1. When the chain is fully extended, how far beyond the present Cα-Cα distance does Phe155 get from Ser253, taking 0.36 nm per residue of separation?
2. Order of 46-55, 184-193 by packing, highest average Cβ count within 10 Å first?
3. Quote to one decimal, in nm, the extra length available between Glu371 and Glu226 on full extension: 0.36 nm per residue of separation minus the C-alpha distance between them.
4. Ordering Glu284, Glu306, Glu81 from largest to smallest accessible area (1.4 angstrom probe), what's the sequence?
5. With a 1.4 Å probe and all protein chains left in place, how much of the accessible area of region 348-389 comes from carbon and sulfur atoms, in whole percent?
6. Among the listed pairs Lys177/Lys240; Lys103/Lys240; Lys88/Lys368; Lys177/Lys250, which have their C-alpha atoms separated by more than 31 angstrom in this model?
7. With each pseudo-label sitting 7 Å past Cα toward Cβ, what's the Leu487-Tyr66 distance in nm, one decimal?
8. For a 32 Å ceiling on Cα separation, which of these pairs sit above it: Lys116/Lys298; Lys185/Lys451; Lys451/Lys491?
Amino acid sequence: MVTRRRIFNKYLIAVVIAGAGVTFQTLTSNSFHSSTDSPFINGVVRSYRALFTITSTVIDYKFSLYGLNPHTDDYRLTLSELHLRSAKRILTMCEANKGIYIKAGQFVAAIRQVPKEYSRTLSSLQDHAIPFQFEAIKQVLVSNLGFNCLSEFFFSFDEVPVAAASIAQVHHAVLVKDRQEVAVKVQYPGLEYQMKFDLVTMSLLSKSVGWIFPGYRFQWLVTEFEKSIASELDFIAEAKNLERIRENFKDNSMVRVPNVFWDFTTRQVMTMEFCRGRKVDDLEFLKERGISEVKVAKTLAEVFAEMIFVHGFLHGDLHPGNILVYPEGKNGFSLVLLDFGICKQLNEDFRLKYCELWEALVVKDSAKIQEIGEYFGVGKYSRYFPVIFTGRTIDSKSTLGEGMAVEERNNLKQELKSLKMEDISSFMESLPTDFLTVLRTDGLLRSLTSKLGAPLRVRLLAYAEYALYGLSLKSDSKSDSAIGVVLFRFKIGLRYVQLRLLFGILGLVSWLESIKHTSTRRFKALLASAGFVVRNSYRPLSTT
């Protein structure tokens, strides 16, 4: 009786909160016509809108699934409908609240561990940004750069932005000094105050949801987002990130990173070299220029594999708007990297362990995968690493890069049915923050390479190559001598050659299978044509 009463009280509190949210939202929609009347009132309105959305969503889940057997088709259909309904509700809230709520929606959409209904629905926020009026942007420029009129430093300055995002917009300009074309990134006014208000709201909401419904814990997600957005609002930190990545790729002709103009860069304004190009997923542009989509995907995978496994310093916002294809370079193109607000310095121990994990994933060393899972603190959940990264189970018999067999896929579905929301929360909470960063990046990279039509093997080979190269940067722990280092690197090189041979054999097998299927189809078509000819040749005889 006591337990039931407690549960009833929790639901009652949730319903009251939701009711208050509905009431306040109704009042504010009629009372406040402008989002700029008062920063405080604006923040309160956004907070209550978020409160209503999240509370009503959680209540929807609890009541819609109540009494349903998790192992039935009815439950799975209801759950999918719930995911879609809730994702649309959250999308509407993000669009209404704007600012960092748009950024939060983009952040969630990029995480592969959320249901596909969320990632697909919220992905529309990647291109959802309404630019500010230029007068407001001009005030930010004046207050940060200390001039009375733009013509003091800019020969020309386009008032219409070339790009607009959730926290800033970019304008094309030309400097007076040397007629250098530049891109000027300007942060939206009042954003820092708004961010503090909104992050407190998100944190309180996630904690409240976890208290009312213990299985639904999202504080790990809010914590990760808070870290990323705080660094993104400091353009000086972003400029330093840019210069570090520029230095890391200075010898790579396939990668272009713009210069920073420090005289025109502050915490809220960043001026850099203007780089031309088209979005990396603009397939029509690639076809028009005769650029191989698969080669673009391969280069992209290698660039980000090098960041993760070798540099240990990662660009964490890998969406198409931040990667351009410029139609000049070694293979007829080069990649332009932009927007370095979200960058992550990986822990050196994590980098090395992650290299070891990928070696184990490629060679299907289940014991090593389990060992590394224990190191990362996820224990039994480490058996899902191969599913997450390579698309096959830990006991898979299928070849790497070919996905899962039908039986294997059905077995996995049955196994996943036993997992609850609490299991997923526990898994995500247990992972190191560096792991969450590379998970998000890997999800975005996989989406892009898939859109470019590249086979899974392209990404896997790039990861395997750079994982082994990353391991080679660590000297043999058993010997600090020069000979020990040489032997260690020789062993790593040998393992890499073995993996290249493995991928080569897999590629040959795949090619032979495709030839076999093509030959079979052509042979059947030839037989069918021959049969048609024979039947037609005998038809006149039968009629006579």
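The values are calculated or read from the model by the stated rules, or taken from the named source; none is laboratory data. None of these values were measured; they are calculated from a predicted model. Quick reminder, even Gly has a Cβ in these numbers, built from the backbone with ideal geometry, and neighbours come from all protein chains shown. Surface accessibility is based on the protein's heavy atoms, side chains included, excluding ligands, DNA and RNA. Shrake-Rupley method; radii C 1.70, N 1.55, O 1.52, S 1.80 Å.
1. Values: separation 98, 0.36 × 98 = 35.28 nm, distance 3.11 nm.
Residue separation times 0.36 nm, minus the Cα-Cα distance, leaves 32.2 nm.
2. Details: 46-55: 22.4, 184-193: 20.0.
With the highest mean Cβ count within 10 Å placed first, the list reads 46-55, 184-193.
3. Numbers: separation 145, 0.36 × 145 = 52.20 nm, distance 3.09 nm.
Result: 49.1 nm gained on full extension.
4. Working: Glu284 135, Glu306 35, Glu81 95 Å².
Ranked list, largest accessible area first: Glu284, Glu81, Glu306.
5. Working: 780 of 1600 Å².
The computed percentage sits at 49.
6. Details: Lys177/Lys240 23 Å; Lys103/Lys240 22 Å; Lys88/Lys368 41 Å; Lys177/Lys250 26 Å.
Where the Cα-Cα span goes over 31 Å, the pairs concerned are Lys88/Lys368.
7. Each label point is offset 7 Å from its Cα along the Cβ direction, giving 6.8 nm.
8. Details: Lys116/Lys298 25 Å; Lys185/Lys451 29 Å; Lys451/Lys491 36 Å.
Pairs exceeding the cut-off: Lys451/Lys491.
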